Amino acid sequence: MDYITGVNKKEILELSELLDPKLEQSTVKVNGTVHTIRDMGEVAFVVLRKREGLLQCVYEEGVTQFDSKTVKEGAAIEIEGVLQREERAPNGIEIRMRKVRLLSEPYDTLPLTISKWKLNTSLEAKLDYRSVSLRNVRERAKFKIQEGIVRAFRDFLYGQGFTEIRTPKIGAKAAEGGSNLFRLDYFRRPAVLAQSPQFYKQMMVGVFERVFETAPVFRAEKHNTKRHLNEYTSLDFEMGYIDDFTDIMAMETGFLQYMIALLEKDYAKECKLLSVDMPKADKIPTVRFDDAKKKVAEKYNREIRNPYDLEPEEEALISQYFKEEEGADFVFVTHYPSKKRPVYAMDDPANPADTLSFDLLFRGIEITTGGQRIHDYQQLLEKFTNRGMETEGVEQYLNTFKWGLPPHGGLGLGLERLTMRLLGEDNVRETTLFPRDLSRLEP
Ligand code: AMO
């Protein structure tokens, strides 16, 4: 009988294993993709791209039992050779090649020169040839860091007693309202793609008290901007038994602190590669929406045009203001006008025109919306009625309140926007693996 007994042990060594000084001068086996070849005649430097980084291998005529001319960039190869220290090579080691085995050969030359330190090409070309441009070391590092952000979100929230959930992305009704809905035909019934997991995460507070989800959401944005995608990853959490909405902001601050520490520890290589200017989140200033508007109008001599919402330029100026005045990278803007917030937001009893909600701005752009929600059934029903909203298609959501929910609140954080600002990028497509925008449905 043949059995599968677990992960196969391989002779092949990975970069972190090759760094063991005990292996110096010994014969090792490695594999990887040919990232670049520098042919110097009798000697050629073949740099392999491996999952943990780059590895320099040296081809020597007469010593390496292989014709260097048949190794092309993009080929997957296996090498047997002698491991040596070499300070000038990436990670300080190199392999003197003895034997080479070709595992897979490319058919064409790559459309982009990915071995350059920085890809010298337009964003459009990078996105058109995405599977290739992402092989560039710097491009790849962006998404390692993005992995770190999601890992931090998960780890931190597990530690705070949250349960991870998965909610449907096809539904009957919009959760956020607005015009950016993708509509579809669900076996002859009208349906929509989820704009957020809002209704479901609230329903799940009645089950687990604290829940979170990291999943795609869909917004049919009608304009191409540098901050909007039609599909993005929303980092959401929702928690019960809050005293007020500052509990939500405090939880987010805790997450950011945890994220920064994790990135500094486990993603130091990528952060260095991309010269990440790590933000500070030890204390984040909060400012009321009205005050924020006034402050920037006064300091930057700017007229307030829309009293109910923040214009992108205002967001940038609020961030600039708090950077200049407080040295802050993040700022919480609180008490947004009820008029501009979705129906589920709790209005401030002290002034019902405002909500007990907030946005988090990070280096000039909104990355999070959150706040306290209405938990009282009658109150929620009244708000639906006052807004002239139908309850058809949301009965199950509303019934959840009828059957009881604790005071609660939560937030939604745009992963691509957070990554963009962390890496100092100014277009959200730079920090999206395969962006979906007005014109881009492929790759
Ligand atoms: P909101 O609609 O403000 O709130 O979205 C939350 C966060 O998601 C990001 N975001 C986007 N990122 C890329 N492209 C888009 N088109 C896009 N739209 C939004 C932003 C934003 O701050 N349910 C609420 C959250 C909550 O209160 O829990 C919601 O979805 O970073």
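The values are calculated or read from the model by the stated rules, or taken from the named source; none is laboratory data. Small disclaimer: the values here were computed from a predicted structure and weren't measured. Positions of Cβ are generated from backbone atoms using ideal geometry, with glycine treated the same way; all protein chains shown enter the neighbour counts.
One table, with the values for the structure above:
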{"quantity": "Residues of the stretch 43-54 classified as in a loop (DSSP other than H, G, I, E, B) and of a type outside the set (Lys, Arg), total", "calculated": "1"}
{"quantity": "Failed item, numbered, when SER234 is tested on (1) part of a loop (DSSP other than H, G, I, E, B); (2) of a type in the set (S, T, N, Q); (3) within 25 Å of LEU398 (Cβ to Cβ)", "calculated": "(1)"}
{"quantity": "Residue list for the stretch 245-283, filter: more than 21 Å from the chain's Cα centre (by Cα) and farther than 19 Å from VAL211 by Cα", "calculated": "ASP282, LYS283"}
{"quantity": "Hits in the stretch 179-188 - residues which are touching a residue at least 12 places away in the same chain (Cβ under 8 Å) and more than 8 Å from the ligand (Cβ to nearest atom)", "calculated": "SER179, LEU181, PHE182, LEU184, TYR186"}
{"quantity": "Of all residues making up the stretch 178-196, the number that are among the aromatic types (Phe, Trp, Tyr) and within 17 Å of HIS228 (Cα to Cα)", "calculated": "1"}
{"quantity": "Only listed residue being among the small types (Gly, Ala, Ser), within 15 Å of the ligand (Cβ to nearest atom), over 30 Å from LYS142 (Cα atoms) and touching a residue at least 24 places away in the same chain (Cβ under 8 Å), chosen from SER357, SER338", "calculated": "SER357"}
{"quantity": "Options GLY412, GLY393, GLY364; residue that is modelled with pLDDT of 95 or more and at positive phi", "calculated": "GLY364"}
{"quantity": "Test: residue in the stretch 43-51 that is more than 23 Å from VAL132 (Cα to Cα), surrounded by 14 or more Cβ atoms within 10 Å (Cβ to Cβ) and without any contact (Cβ under 8 Å) to a residue 24 or more places away in the chain", "calculated": "yes"}
{"quantity": "Residues satisfying the stated conditions in the stretch 93-105, i.e. over 22 Å from VAL63 (Cβ atoms) and at pLDDT 95 or above", "calculated": "SER104"}
{"quantity": "Conditions (1) out of contact with any strand residue (DSSP E or B) (no Cβ under 9 Å at 6 or more places or on another chain); (2) surrounded by 14 or more Cβ atoms within 10 Å (Cβ to Cβ); (3) assigned to a strand (DSSP E or B): number failed by PRO352", "calculated": "(2)"}
{"quantity": "Residue list for the stretch 360-404, restricted to those being within 16 Å of the ligand (Cβ to nearest atom) and charged (D, E, K, R)", "calculated": "ARG363, GLU366, ARG373, LYS383"}
{"quantity": "Selection from the stretch 202-225 of residues that are of a type in the set (S, T, N, Q) and either near the ligand (Cβ under 9 Å from one of its atoms) or farther than 15 Å from LEU418 by Cβ (or both)", "calculated": "GLN202, ASN224, THR225"}
{"quantity": "Set ALA345, ALA350: member being without any contact (Cβ under 8 Å) to a residue 24 or more places away in the chain and either on the phi < 0 side of the Ramachandran plot or in contact with a Pro (Cβ under 7 Å, 6 or more places away or on another chain) (or both)", "calculated": "ALA350"}
{"quantity": "Residue within the stretch 408-417 that is of a type in the set (Asp, Glu), more than 10 Å from the ligand (Cβ to nearest atom) and under 27 Å from GLU231 (Cβ atoms) present", "calculated": "no"}
{"quantity": "Meets criteria (over 20 Å from the mean Cα position of the chain (by Cα) and either of a type in the set (Asp, Glu) or within 12 Å of the ligand (Cβ to nearest atom) (or both)) for HIS228", "calculated": "no"}
{"quantity": "Options VAL287, VAL296; residue that is buried (at least 20 other Cβ atoms within 10 Å of the Cβ), away from the ligand (no atom under 16 Å from the Cβ), among the hydrophobic types (A, V, I, L, M, F, W, C) and part of a helix (DSSP H, G or I)", "calculated": "VAL296"}
{"quantity": "Positions within the stretch 14-42 being in a loop (DSSP other than H, G, I, E, B) and either β-branched (Val, Ile, Thr) or under 18 Å from GLU86 (Cα atoms) (or both), in sequence order", "calculated": "GLU14, LEU19, ASP20, GLU24, GLN25, SER26, MET40"}
{"quantity": "Pair list, Cβ < 8 Å and 6+ apart or interchain, from the stretch 364-379 residues that are assigned by TED's automatic domain parsing to the domain that holds LEU405 and of a type in the set (Phe, Trp, Tyr) to residues that are at pLDDT 95 or above and surrounded by 18 or more Cβ atoms within 10 Å (Cβ to Cβ)", "calculated": "TYR377/PHE401"}
{"quantity": "In the stretch 380-428, the residues that are more than 14 Å from the chain's Cα centre (by Cα), surrounded by 14 or more Cβ atoms within 10 Å (Cβ to Cβ), in contact (Cβ under 8 Å) with a residue 40 or more places away in the chain and in a helix (DSSP H, G or I)", "calculated": "LYS383, PHE384, TYR397, THR400"}
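Residue by residue, here is whether (1) within 21 Å of LEU438 (Cα to Cα); (2) modelled with pLDDT of 95 or more; (3) within 16 Å of the ligand (Cβ to nearest atom) holds:
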residue: LYS116; (1), (2), (3): no, no, no
residue: LEU134; (1), (2), (3): no, yes, no
residue: ARG138; (1), (2), (3): no, yes, no
residue: GLY161; (1), (2), (3): no, yes, no
residue: LYS169; (1), (2), (3): yes, yes, yes
residue: VAL192; (1), (2), (3): yes, yes, yes
residue: TYR200; (1), (2), (3): no, yes, yes
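Residue by residue, here is whether (1) surrounded by fewer than 16 Cβ atoms within 10 Å (Cβ to Cβ); (2) assigned to a strand (DSSP E or B) holds:
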site	(1), (2)
LYS99	yes, yes
TYR107	yes, no
LYS126	no, no
PHE156	no, no
LEU184	yes, yes
